[in-house]
Amino acid sequence: MVRTFVRVELLEPDREPSTRFSTAMNALGFVRTIKGRKTGKALRLPDGLFLIERANAEKAFGLTKQAASTAEVEARIFCMPAGDAVRFGNLEEVDAPAT
């Protein structure tokens with residue numbers, strides 16, 4: 001399965017553009033929570049990091065540009081294709097189910 005992590009740095013760090021951008025990313029299939037492999041608990045990705053399943057880095061980049069355009073924000077975008085071996089050591093547990 002292809003998974004791509006996208007790191008986004010908004011050039012306008014105000015709260016409202018950030019909220020609009022997150023909403024646009026969610027609408028395009030990006031998620032901010034993942035399911036822990038060992039615990040099965042929902043874990044929140046660090047701020048500015050999103051995950052999209054079944055999209056290569058090129059497609060993820062295009063979708064992120066589309067979200068930035070929709071939210072009317074300027075952003076720096078970094079795409080990282082990843083296999084199943086990606087591990088994070090600093091994720092927070094959340095009460096919501098993982099998506």
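Tabulated data for the structure shown
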read-out	value
Lone qualifier among F5, F21 - being modelled with pLDDT of 85 or more and touching a strand residue (DSSP E or B) at 6+ places or on another chain (Cβ under 6 Å)	F5
Lone unmet requirement of (1) within 11 Å of the chain's Cα centre (by Cα); (2) crowded, with 17+ Cβ neighbours inside 10 Å; (3) not basic (K, R) for A75	(1)
Sole residue being modelled with pLDDT under 95 and under 23 Å from L11 (Cα atoms), chosen from L45, L28	L45
Evaluation of V2 against (1) among the β-branched types (V, I, T); (2) within 19 Å of P81 (Cα to Cα); (3) under 14 Å from the mean Cα position of the chain (by Cα) (one fails), failing number	(3)
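The values are calculated or read from the model by the stated rules, or taken from the named source; none is laboratory data. Treat the numbers as computed from the prediction; the structure is a model and nothing was measured. We place every Cβ from the backbone using ideal geometry, glycine too, and count neighbours over all the protein chains shown.
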